[in-house]
4 protein chains.
Amino acid sequence: MSTVGQAQGTGELRIAVLGVGMMGAFHAEALSSRIRGARVTVVSDFFDALAEEIATRIGARVESDPIAAIRAEDVDAVLIATPGKAHDEQVNACLDARIPVLCEKPLTTDIASSRAIVEKESRLDRPLVQVGFMRRFDPEYVALKKLITDGGLGNPLVVHCTHRNLAVPESFNSEFMIRDSVVHEVDVSRFLLDEEIISVQVIKGVATGAAPAGVSDPMIVVFETASGRIVTDEIYVRTGVGYEVRTEVVGERGSATIGLDQNLVVKSGDGRWGGAVTPGFVERFGVAYDIELQRWVDAARRGTIDGPGAWDGYAAVAVCEAGVEAVRTGQKVAVDLGPSVTAGVATAGITAPDLEAAT
Amino acid sequence: MSTVGQAQGTGELRIAVLGVGMMGAFHAEALSSRIRGARVTVVSDFFDALAEEIATRIGARVESDPIAAIRAEDVDAVLIATPGKAHDEQVNACLDARIPVLCEKPLTTDIASSRAIVEKESRLDRPLVQVGFMRRFDPEYVALKKLITDGGLGNPLVVHCTHRNLAVPESFNSEFMIRDSVVHEVDVSRFLLDEEIISVQVIKGVATGAAPAGVSDPMIVVFETASGRIVTDEIYVRTGVGYEVRTEVVGERGSATIGLDQNLVVKSGDGRWGGAVTPGFVERFGVAYDIELQRWVDAARRGTIDGPGAWDGYAAVAVCEAGVEAVRTGQKVAVDLGPSVTAGVATAGITAPDLEAAT
Amino acid sequence: MSTVGQAQGTGELRIAVLGVGMMGAFHAEALSSRIRGARVTVVSDFFDALAEEIATRIGARVESDPIAAIRAEDVDAVLIATPGKAHDEQVNACLDARIPVLCEKPLTTDIASSRAIVEKESRLDRPLVQVGFMRRFDPEYVALKKLITDGGLGNPLVVHCTHRNLAVPESFNSEFMIRDSVVHEVDVSRFLLDEEIISVQVIKGVATGAAPAGVSDPMIVVFETASGRIVTDEIYVRTGVGYEVRTEVVGERGSATIGLDQNLVVKSGDGRWGGAVTPGFVERFGVAYDIELQRWVDAARRGTIDGPGAWDGYAAVAVCEAGVEAVRTGQKVAVDLGPSVTAGVATAGITAPDLEAAT
Amino acid sequence: MSTVGQAQGTGELRIAVLGVGMMGAFHAEALSSRIRGARVTVVSDFFDALAEEIATRIGARVESDPIAAIRAEDVDAVLIATPGKAHDEQVNACLDARIPVLCEKPLTTDIASSRAIVEKESRLDRPLVQVGFMRRFDPEYVALKKLITDGGLGNPLVVHCTHRNLAVPESFNSEFMIRDSVVHEVDVSRFLLDEEIISVQVIKGVATGAAPAGVSDPMIVVFETASGRIVTDEIYVRTGVGYEVRTEVVGERGSATIGLDQNLVVKSGDGRWGGAVTPGFVERFGVAYDIELQRWVDAARRGTIDGPGAWDGYAAVAVCEAGVEAVRTGQKVAVDLGPSVTAGVATAGITAPDLEAAT
């Protein structure tokens, strides 16, 4: 590994993305448009044509051999989104190269190789491996974790998880449901409760007609933690409805639920249910401000604007002026904007950002 | 204006931020950490010490004279967050310099000067002025606009707005409430209904005891649009509760509300109320993925990780392995992680991201 | 008027129902099935055939002349559900007969006659006239009133009302919308704020295409109260969606809303939104217990049961016995109910109450 | 058993209430005030003084011996709310007397005696025994059952139940939690799924500090039904929060939840979540109408009114008259009620029903 970004003098982290199927392509796009301080320099995939397509779109080069990509001069860090069975060799190559790696779950596909990575890394002087359990970064999970840590629920006794998908491929069998879906609840449980899981039980029932023969979908999974807490998880991946991920933590002094499309909802010992009123505009519109800025920056670099223009500002001033007079007089006050200004530019009339892009 | 970012060869938009009070500092921070493709090169403020503090933090230089900042060689675009009375001169200077400007509301403080800017810009060959009505970028407003545009509510007949703040400074009088708060609903109404406002009426009632003498807080503002639609707006800025911005659009074939902490809630002609189930993980966890990536990139540049580590990956593999056996056997299966690996690194045990930073 | 129920010696209130259109028939049915201590003895309607049909169903007699019904020997009290223009004469006849009357709104159709009734009643020694503003008895309005009275919102400053209907007859014009729908919000405002209304303003906008020509639907009505509080009311009676009656009271120290299908939802000065967790089973299932009892009583009088039977009780005992063993052993315990008992009676298997009737 | 109510000629069902602890007293009060067609004639309790107190309040007589009460001449039906161990003898006495009985759960305290009752009743020509599973009469459970029966969820695969109490007596141990609380979910599961439970498993974890030593609170109970469906039930009776009873049914084509204080909330295959908008005023205010009528009847029998009076009717007429003029003129119209009428009666000013009573 070279010094970070040294070839460019920009300090940007130069990243190789290994595997550009759905997740890898999603990450490559983010690293190329929304994430600051990073740049994808190398793309690798089992299918070269796919790698080529992504690389072209984001201005990176293709390296067919993932190990060569890890060892490349223009790579400071690696994002692994290849199939699980490739992870062991690739993560080890990153450790050998002393290069940071963000590895999508699973770390590897068996216990021994995962433990070997833990032990190999423990002999280094810094952590290099991060695993892609992204829920730890979701604002709702973060709020729930904070509530627990702050003691807002007392001792957390039971965790109920629900994980439902709209639909999955035929190949998604019961074993795969554990490895690919329940694995998230494994990490969420460990994250929220801050302790290890010591046993697992799976309860199978009637399967949905949408499941292939022999596949138990849904299933109820029950974890027991080191201190004896219970975690239940309903895993149901062919609901035909949508993506529902809910977590309820039931504690000694209250319970809290996320995933209700209502942020964190708490039931507490004062007999109330509900949540927090947003305290201010930063919490409410912080994301909107960032989107506004990012799109303005992108538009300015293209030589245009992408949002409300001068006419919108003028109209607002005119209406507010009338509003101020209405406050003073108590009367209905007319607003006259005069002739609209349309000569040659896009700013007259009401300027909408590109809705599709913003969604 | 120089060619965008030409001095650096990086293509980044070099931005001068004028005014670094609360909003300006907030934007400057975003442009320096979360927004890609931009860099704040110059900071200007009436208070040099404040400008100095922000500039130091984000690696920019200070320019006392805002007009000089606009004209500087290392400035490609300008973000104006100065007090409203300074906007006229500064926006005009940006137009004169043919440089893009994002101007916080109000565009200017009187109708004539705002109209003059519209007309001056109309004689140029491209739009340069964007006004900071950030709600047009808020995902809920975007979804509501899309619902209207797609005809989901039929003809929108009435819009009800609520704008409440926790508290405001003593100086926030009734006139200021119109200019600073109601102005957002002016733009929201124009944005959602796609037409101009032609009259304003203000209804004053009993004021909260928290309001200074002579200040009408709350007030009910009523707009009439060109086609005769009605917009009501409750503006109440000393609620003591929090920040509540709600908008309900009542149409010929249903109604929809945002700002309920429930995304977009629709009541429609099939007699149902509710919203859309999140279709997939990108919609649910897209933001979490971006936070994960940004923090991993930032951590990698500092030589560490900032999220679940190798041990977390190992523990998940071990629990899932037991889970797969539990699926097969129908029995409770124990998980044994063996001795924890703690030698010298942070990855043994459950690795939490920095919660405060993530919030 | 005779002594209450004297002819029967039962103490039941013998009621004449005047007008058995939709509301009158609804009330007559309630007085004959769910309301204790009363009996409809006389039914009167402009259409004798309709009176006959209802009277037959509930075991009453028909009296064509409403005034004769009021004066009848077998009538202790009168419920008036005739058209508004008939109310003046009928209420006055009740006052003359010194007989209690529950009069559906409006009391009368003009101010002078209503005031005359007030003054005539004031010369009696007891109140006889009650007006059918039933919202004062709705548990949500009662809870909202209590919250205000207890000071939970501080001084109530603004009330926002929404009154929407699915559809109304063609004849429901703007004037009728005031007299028939807004009248409820008139009473709700007076009830909640405990003061009189001193002015009314109506704001008309674009009408829904579902409204007949010349009818303003929706309208925004604004009331001002004696102490200067503001009430806004959106009245929209052809929504095509359903029946929505919402009331939000905005006070000095919080706000509260009813009509959200969530009981009373409060936003308060501690920065929280939400409601009260049901404290116990009586609050949660009190209505269910009463329905259970009423239906058991009705069934017993018919010589049967109407709810879970002996088999349901047996099955529950058997499952709980297994559950207790499961608690003790930690094992899965099988339940064996033995052969089902079906000889000649309805109680084997799972006995469902009549769902339609219960809805 | 005598002919129903023959001694009185009123046709009322004459009921003996056995056991007037909390549940029995609650039922006795309902049968004496809100339930039509019934009258409590006899009260019996292990504690004569308690029986005396209740009997005096509701106008019944006391019979110390419950079996004598069952056999009494003035008793047509029996409500059993004694401790469970007394049920066997008392229910059998009712069967012997050919008299209908509503027995609070449990039917009896062991399987054999419950089955014996089922078999004894099967030899009669009509059902006599109803068991007090009142949830089958709760409008939310009824709506959920109807949704399932109508096929709205497809095949129901999994049922998740939550049963939480604020607090319970010290004596409420793990076994009691099964017999007294989980028993409701036993019946709910059978009712909703329309099939028998064939196995039970109980998962114990860390107990709340509020539980006595040795009591597992909370517990997770798992039922398996005859067709292989899974029911999970969290039973937690010392939450310190309140009474929460939730049921979620997860089907092949959607899921539905009750107990959220939002009526029935459904997630369905069209990707929407939500509920039904109330179609009309009967559904929204039906209960309020009944409360209004019952209180008016009760008040009329006492010689007064209990609700909005003539002044309220007059004020509404006056405001609506102004409203109609406001519609016509587009102006703000003043309302003048003239001097208030206070001479000697309660109807001037705003007349509130007794809030406590209405709650």
Whose Cβ in chain D comes nearest the axis that rotates D onto A, and by how many Å? D:232, 3
Label spacing, shortest first and in nm, from residue C:334 to its equivalents in the remaining copies (7 angstrom along Cα→Cβ): 2.9, 8.8, 8.9
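Looking only at chymotrypsin sites (Phe, Trp or Tyr not before Pro) in DSSP loops with at most 15 other Cβ atoms within 10 Å, what is the longest site-free stretch of chain D? Don't jump to the answer; show the numbers that get you there.
On the way: sites that count: D:46, D:47.
Within chain D, the longest run free of exposed chymotrypsin sites (Phe, Trp or Tyr not before Pro) spans D:48-359.
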Here, residue A:167 and residue D:175, labelled 7 Å along Cα→Cβ, have an inter-label distance in nm of 5.3
Under 5 Å between amide hydrogens, which residues at least 5 positions from residue B:276 or on another chain qualify, with H placed 1.01 Å from N in the peptide plane? D:273
quick note, the protein assembly as shown, DSSP beta bridge pairs, % antiparallel (nearest 5) is 60
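Classify region B:160-257 as rounded, prolate or oblate, taking a ≥ b ≥ c as the square roots of the eigenvalues of its Cα gyration tensor: rounded when a/c is under 1.5, otherwise prolate if a/b is larger than b/c and oblate if not.
Values: a/c = 2.29, a/b = 1.76, b/c = 1.30.
In terms of gyration-tensor shape, prolate.
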Label spacing, shortest first and in nm, from residue B:33 to its equivalents in the remaining copies (7 angstrom along Cα→Cβ): 2.4, 6.0, 6.5
From other protein chains only, count the Cβ atoms within 10 Å of every residue's Cβ in A:105-118, then give the mean. 6
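Please rank C:335, A:78, fewest neighbouring Cβ atoms within 10 Å first, as an exposure proxy.
Values: C:335 22, A:78 29.
Starting with the residue having the fewest Cβ neighbours, the order is C:335, A:78.
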Taking 0.36 nm per residue of sequence separation and subtracting the Cα-Cα distance, how much length would be gained by fully extending the chain between residue C:68 and residue C:155, in nm to one decimal? 26.4 nm
Rounded if a/c under 1.5, otherwise prolate or oblate - chain D, Cα gyration tensor axes: oblate
For chain C, what is the percent of antiparallel DSSP beta bridges, rounded to the nearest 5? 55
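Evaluate the relative contact order of chain D (contact order divided by residue number), counting alpha-carbon pairs under 8 angstrom at least 6 apart; express in whole percent. Please list the in-between numbers first.
Values: 594 pairs, mean separation 38.1, N = 359.
Over chain D, the number comes to 11 percent.
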Per-residue Cβ contact counts at 10 Å, fewest first, order C:312, C:74 as C:74, C:312
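Which value, to two decimals, describes the C-alpha radius of gyration of the protein assembly as shown once divided by 2.2 N^0.38 Å?
1.02
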Could you give the size of the charge dipole of region D:136-274 about its Cα centre, using +1 on the Cβ of each K and R and -1 on the Cβ of each D and E, expressed in debye and rounded to the nearest 20? 220
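Under a point-charge model restricted to the Cβ atoms of Lys and Arg (+1) and Asp and Glu (-1), what is the dipole moment magnitude of chain C relative to its Cα centre, in debye to the nearest 20?
On the way: 34 positive and 50 negative charges, 123 e Å.
Charge dipole of chain C: 600 debye, to the nearest 20.
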Which whole number gives the average count of other chain Cβ atoms within 10 Å of the Cβ atoms across peptide C:161-171? 2
Can you order the peptides A:182-190, A:80-88 by their average number of other Cβ atoms within 10 Å per residue, highest first? A:182-190, A:80-88
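Per-residue mean of other chain beta-carbon atoms within 10 angstrom of the beta-carbon, peptide B:241-251? Spell out each step's value before the answer.
Values: counts 16, 14, 10, 6, 4, 0, 0, 3, 0, 8, 4.
That average works out to 6.
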Pull up the cross-link candidates among the lysines for residue B:267, meaning alpha carbon to alpha carbon under 30 Å and not fewer than 8 places away within one chain. A:267, B:145, B:146, C:105, C:145, C:146, C:204, C:267, D:145, D:146, D:267
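Sequence gap at least 6, Cα distance under 8 Å: using those rules, report the relative contact order of region B:13-132 to the nearest whole percent.
On the way: 229 pairs, mean separation 28.1, N = 120.
This gives 23 percent for region B:13-132.
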In what order do B:283, A:121 fall by count of nearby beta-carbon atoms within 10 Å, going from fewest to most? B:283, A:121
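Laboratory data are not the source of any read-out in this text; all were calculated from the coordinates shown. Predicted model only: the values in this text are computed from it and were never measured. FYI the Cβ positions are ideal-geometry reconstructions off the backbone, even for glycines, and counts take in every protein chain you see.
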